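The values are calculated or read from the model by the stated rules, or taken from the named source; none is laboratory data. Bear in mind the structure is a predicted one, so any value in this text is a computation, not a measurement. Backbone-built Cβ (ideal geometry, glycine too); neighbour counts: all protein chains shown. Quick note on the areas: whole protein, heavy atoms, side chains included, nothing else; ligands and nucleic acids left out. Shrake-Rupley method; radii C 1.70, N 1.55, O 1.52, S 1.80 Å.
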Amino acid sequence: MQKILVARPIFPDVIERLKQHFEVDWNNGDALPADELARRLADKDGALTAGDPINAAMLAAAPRLRVVANMAVGYNNFDMAAFNAANVLGTNTPDVLNETTADFGWALMMAAARRITESEHYLRAGKWEKWSYDMFIGPDVYGSTLGVVGMGRIGQAIARRAQGFNMRVIYHNRSRVAPEIESALNAEYRTKEALLREADHVVLVLPYTAENHHTIGAAELALMKPTATLTNVARGGIVDDAALAEALRERRIAAAGLDVFEGEPKVHPALLTVPNVVLTPHIASASEATRRAMANLAADNLIAALGEGPRAGRPPNPINPDVMGKARS
Ligand code: GLV
């Protein structure tokens, strides 16, 4: 029987499914430190990860390893140059989380704009003694301009929801999306700078790559309106968290909603001290149904990549399909 490592706790019934195909080494505990992860990968044919960094040294030390299935749509934890050089397939879990993540992007954007967590903290602290016309006033969402940075599947799902809020939608993406998608979403392309100047609510949904490290830093924040909000449901590192904390503290933008952080699960201490930011622990895809769908899709990818039967060698979500069928190197 082929051997796999499941590097993280996941639904036990998905482990049972995997056990029908593989000998499973399951880390049902905290994330493994790099040296232990490398050690436990060394004799495996496949692995299921959830954000665990997989690098060239780990692949070199695991000569049988042919596939690593990430239980996430983002795969910046994989060194894809190393995967390609070693002919190791990486897979991810796109699509199944689009709507759940888009819902959460909206929840964060609305909570930031309408100051929901900030006002709840005030109420819980027993500070609410009287009503006042200017208590927790903030910018409107309905009828405002939404700026989506990263118009992929999740960005489009976020933009679609804007129609019910009578919003103007502008977007920035590496390349323009097809004209029929632009017209279905009523979305207009902008350069990043123009979008930041014009949008009332900016939502980041782009993948993390070396090129877009700190794509929102001090200079970009300075372009935004003082009444605007910034929401990040993409990846830590896309935003310069220190620069954002400073912009929030100085009210150079109104508020932010963040589900992802540079160096998470650590959070930049300055963000913890500014009131006008809503902070959540990387849970945008965390509905029961979606997390189940992601776990099962990661398992489908492993089973198809390593298994026998009609889909053998043809997993649904290959990241680097060019390595399929090539011998490990
Ligand atoms: C979650 O962050 C994902 O990439 O799926």
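So here's what we get for this one:
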| item | result |
| --- | --- |
| In the stretch 317-327, residue farthest from PRO94 (Cα to Cα) [restricted to those that are assigned to a loop (DSSP other than H, G, I, E, B) and open to solvent by less than 60 Å² (accessible area, probe 1.4 Å)] | ASN320 |
| Test: residue in the stretch 5-21 that is within 16 Å of ARG66 (Cβ to Cβ), in the same structural domain as ALA293 (by TED's automatic domain parsing), modelled with pLDDT of 95 or more and open to solvent by 30 Å² or more (accessible area, probe 1.4 Å) | yes |
| Qualifying residue in the stretch 117-133 (condition: touching a Ser or Thr at 6+ places or on another chain (Cβ under 8 Å) and away from the ligand (no atom under 16 Å from the Cβ)) | no |
| 2 or more residues of a type in the set (Phe, Trp, Tyr) and buried (at least 18 other Cβ atoms within 10 Å of the Cβ): qualifying helices (runs of 4 or more DSSP H) within the stretch 66-154 | 98-113 |
| Residue tally, condition closer than 18 Å to ASP45 by Cβ and either open to solvent by less than 40 Å² (accessible area, probe 1.4 Å) or within 16 Å of the ligand (Cβ to nearest atom) (or both), over the stretch 295-311 | 10 |
| Residue, surrounded by the most Cβ atoms within 10 Å (Cβ to Cβ), within the stretch 36-52, restricted to residues that are part of a loop (DSSP other than H, G, I, E, B) and within 14 Å of the ligand (Cβ to nearest atom) | ASP52 |
